[in-house]
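What follows is a short report on a single structure.
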Amino acid sequence: MNSFNPYGFRSSGGLQGDVSTSPDVVRYMLDIVDYTADRNLSQITLLEPSCGDGNFLVEAVRRLLLSATKYGFDASEIFDRCVTAYDIDEGKVELCKNRLKKEGLNSEFKNLHVADFLSSESKEVDIVVGNPPYVRYENIPVNYREYCKFFFTTFHYRADLYIPFFEKSLKLLKPGGKHCFVCANRWMKNEYGRKLRAMISNRYRTSLIINIERANAFQEEVLAYPAITLIFREEPSSEVGYADCNSVNDLSNIVVNKRNMPKGEDWSVVFSSLKDADGLCRIEELGFKIGVGVATGADDVFVSKDLPDMVEHELLLPAISAKDLKGDCMAWTGRYLLNPYAANGDLVNLASFPKANRYLEKYKERLQKRHVARKNCSKWYRTIDRIIPTLSFTPKILLPDMSGNRYVFVDEGNYYPMHNLYYITGHGLREQKILSAVLMSENVREQIRQITNNMNGGFPRWQSQYLRKLQIPNIMEISTAMGNDIIDMYEQKNYKELNELVGRLYTERKDGGVSREFIRPVQTNMVFV
């Protein structure tokens, strides 16, 4: 029997969406949904929406057979009546059937379907358990993406295929039913999981999240960063159990901590290890602004070292990108950004800039094909984002989208950031250097690791959506002496002592503020207790 998979192959050679779950993880998941051999399983309905060759079903059947012996029912008859599973791969389903027969199941397999779960009619069940397929948006056939967009409200932005698997299977739970998936944890943190998070937090009770991204949860090495979630069809709760697990062998002994379960789409508080946020602030609450560098839609046209020889100098801005920030050094590579905008924000009249006109005309046909240009043909030479020249001369903190850099750079007002850089403006250089020092601390790096999706190589991502969620000490209230010490350590790149200083700001804050030792004297009736 040939295997079938419409999504192509992973870079490792395996099929997209086809990854087998570790037996230890399977057993743990069936335990926490209470599908256990000591219970009478004859009345419990179970669904596996993407069964593959049967890892979950084999373990479920072992338990069903033991339960049948204890409670005196026919396991094969109950399997056909109470267990439902789907997979698009006929070859995998045949392997699954053969494995179940070897366990001693004499079943007709009436509910083991070679079919697409997302387009199949299914009944409500007591338990949903499994490992849904992970297929990135770009690997989902276009017509199937359109199908998912039409039928599943949570299939949002550049969603992975597992998103609609969550939505449909959650909606199939009976009241009080339990849903347990092992799945990439990206949906709990990024944009494409936003609508799924909102749906779950408003309609279901999330009981447990086990982060196993450092554990080997599968039967092969894959970069999936998984988590186990246990969700009930019950009224939402204000708390959720959370644990980090570094080895699947430790699953049965993990310590689960209670964390706040938010209402709505922002779940970052769940992943933060900060137990007490009193005295901490968000960056923008302190008067800073967070932005992202300019996207042009054609960097090889708008950004170049050679532009000073080809266009008028008044249209040029020194451009800085992530590649200019390496290690502890900011080394500008000499590239310029062609700015087609006047000071009032309108596009310049190219007739007034003959050199730029000649240069851009060479690329006109290509620039016109960009989506941003098709909206208004007369503005074919605009960039995707508007360029604000004054940003070039504004002091700003620069953060590469994804980087292993330890140092956080401050541009004193020399460069214009490109689209792979995020930036923070506001206040003066002193405050920006102190904030940069805080961002370099292990306190912040740990927050970033917890609330963002780690990328290949283990690097967390600096992005505006995550920067806005960081909780930091109120750096406007620290004493002058403490601020000077932090800046000295920052400029000397003395990471060890700097981390200790910033750590004290976190650990020694009191009563909604930084601890007394670090507070700048102010003219108020403030009383410290």
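The values are calculated or read from the model by the stated rules, or taken from the named source; none is laboratory data. Everything numeric in this text was worked out from a predicted model, so none of it was measured. In this analysis, Cβ positions are derived from the backbone assuming ideal geometry, glycine residues included, and neighbour counts consider all displayed protein chains. Accessible surface is based on the protein model in full, side chains and every heavy atom, while ligands, DNA and RNA are left aside. Shrake-Rupley method; radii C 1.70, N 1.55, O 1.52, S 1.80 Å.
Of the residues making up region 112-121, just one is part of a loop (DSSP other than H, G, I, E, B) and open to solvent by 40 Å² or more (accessible area, probe 1.4 Å), namely Glu121.
In region 90-111, is there at least one residue being within 23 Å of Thr229 (Cβ to Cβ), open to solvent by 20 Å² or more (accessible area, probe 1.4 Å) and free of Cβ contacts under 8 Å to residues at least 40 places away in the same chain? Within region 90-111 (the criterion being within 23 Å of Thr229 (Cβ to Cβ), open to solvent by 20 Å² or more (accessible area, probe 1.4 Å) and free of Cβ contacts under 8 Å to residues at least 40 places away in the same chain), the answer is no, since none of the residues qualifies. Residues in region 307-334 that are closer than 21 Å to Glu361 by Cα and either touching a strand residue (DSSP E or B) at 6+ places or on another chain (Cβ under 7 Å) or basic (Lys, Arg) (or both): Leu307, Pro308, Val311, Leu315, Leu316, Leu317. Taking region 384-403 as the region of interest, how many residues are among the small types (Gly, Ala, Ser) and assigned to a helix (DSSP H, G or I)? Residues flagged as among the small types (Gly, Ala, Ser) and assigned to a helix (DSSP H, G or I) within region 384-403 amount to 1. The residues of region 334-356 that are open to solvent by less than 50 Å² (accessible area, probe 1.4 Å) and within 19 Å of Leu391 (Cα to Cα), listed by number, are Gly334, Leu337, Leu338, Asn339, Pro340, Tyr341, Ala342, Gly345, Leu347, Val348.
Among the conditions (1) closer than 21 Å to Thr21 by Cα; (2) basic (Lys, Arg); (3) modelled with pLDDT under 95, Lys189 misses just one, which is (1). Only residues that are surrounded by 20 or more Cβ atoms within 10 Å (Cβ to Cβ) and either outside any loop (DSSP other than H, G, I, E, B) or acidic (Asp, Glu) (or both) were counted in region 411-430, giving 8.
Strands (runs of 3 or more DSSP E) fully within region 192-272 that include at least 1 residues being open to solvent by 40 Å² or more (accessible area, probe 1.4 Å): 205-211, 239-244, 257-260. A Cβ distance below 8 Å, combined with a sequence gap of six or more or placement on separate chains, defines the contacts here; from region 37-48, residues that are free of Cβ contacts under 8 Å to residues at least 60 places away in the same chain reach residues that are basic (Lys, Arg) and buried (at least 19 other Cβ atoms within 10 Å of the Cβ) in the pairs Ala37/Arg63; Leu41/Arg63.
For region 381-425, a residue qualifies if it is within 30 Å of Leu350 (Cβ to Cβ) and either among the aromatic types (Phe, Trp, Tyr) or under 23 Å from the mean Cα position of the chain (by Cα) (or both), and the qualifying residues are Tyr381, Phe393, Tyr415, Tyr416, Met418, His419, Asn420, Leu421, Tyr423.
Using the structure shown, decide if Pro133 is over 24 Å from Lys263 (Cα atoms) and not in a strand (DSSP E or B). Here the answer is yes, as Pro133 does meet what is asked.
Could you check region 33-73 and list, in sequence order, the residues that are among the charged types (D, E, K, R), open to solvent by 30 Å² or more (accessible area, probe 1.4 Å) and either touching a helix residue (DSSP H, G or I) at 6+ places or on another chain (Cβ under 9 Å) or closer than 19 Å to Leu172 by Cα (or both)? Within region 33-73, Asp34, Asp38, Arg39, Asp53 meet the criteria. Within the bounds of region 172-185, is there any residue that is part of a helix (DSSP H, G or I) and open to solvent by 10 Å² or more (accessible area, probe 1.4 Å)? No; the residues of region 172-185 include none that is part of a helix (DSSP H, G or I) and open to solvent by 10 Å² or more (accessible area, probe 1.4 Å).
Within region 478-492, the set of residues being more than 14 Å from Val502 (Cβ to Cβ) and among the β-branched types (Val, Ile, Thr) comprises just one member, Thr480. Might you let me know whether region 283-300 holds any residue that is farther than 21 Å from Thr425 by Cα, in a helix (DSSP H, G or I) and in contact (Cβ under 8 Å) with a residue 24 or more places away in the chain? Yes, there is a match, as at least one residue in region 283-300 is farther than 21 Å from Thr425 by Cα, in a helix (DSSP H, G or I) and in contact (Cβ under 8 Å) with a residue 24 or more places away in the chain. Whether a residue is surrounded by 21 or more Cβ atoms within 10 Å (Cβ to Cβ), in contact with a Pro (Cβ under 8 Å, 6 or more places away or on another chain) and either free of Cβ contacts under 8 Å to residues at least 40 places away in the same chain or not aliphatic (A, V, I, L, M) (or both) was assessed, and Phe151 does not pass this test.
No other residue among Asn525, Asn494 is farther than 20 Å from Leu325 by Cβ, modelled with pLDDT under 95, surrounded by fewer than 21 Cβ atoms within 10 Å (Cβ to Cβ) and not aliphatic (A, V, I, L, M) apart from Asn525.
Looking at Leu439, Leu505, just one residue is open to solvent by less than 20 Å² (accessible area, probe 1.4 Å) and touching a residue at least 60 places away in the same chain (Cβ under 8 Å), and that residue is Leu505. Scanning region 21-61 for residues that are farther than 25 Å from Ser120 by Cα and outside any helix (DSSP H, G or I) yields Ser22, Asp34, Thr36, Ala37, Asp38, Arg39, Asn40. Condition first: part of a helix (DSSP H, G or I), under 30 Å from Tyr336 (Cβ atoms) and not acidic (Asp, Glu). Can you find one or more residues in region 474-486 that meet it? Looking through region 474-486, none of the residues is part of a helix (DSSP H, G or I), under 30 Å from Tyr336 (Cβ atoms) and not acidic (Asp, Glu). What is the number of the single condition among (1) in contact with a Phe, Trp or Tyr (Cβ under 9 Å, 6 or more places away or on another chain); (2) under 30 Å from Glu491 (Cα atoms); (3) exposed (fewer than 14 other Cβ atoms within 10 Å of the Cβ) that Pro389 does not meet? It is condition (3) that Pro389 fails. Screening the candidates Tyr359, Tyr381 for the property of being in a helix (DSSP H, G or I), aromatic (Phe, Trp, Tyr) and open to solvent by less than 50 Å² (accessible area, probe 1.4 Å) yields one hit, Tyr359.
Evaluating Gly91 against the criteria (1) outside any helix (DSSP H, G or I); (2) under 36 Å from the mean Cα position of the chain (by Cα) leaves one unmet condition, (1). Considering the conditions (1) farther than 23 Å from Tyr407 by Cα; (2) open to solvent by 10 Å² or more (accessible area, probe 1.4 Å); (3) modelled with pLDDT of 95 or more, Asp278 is excluded by exactly one of them, (3).
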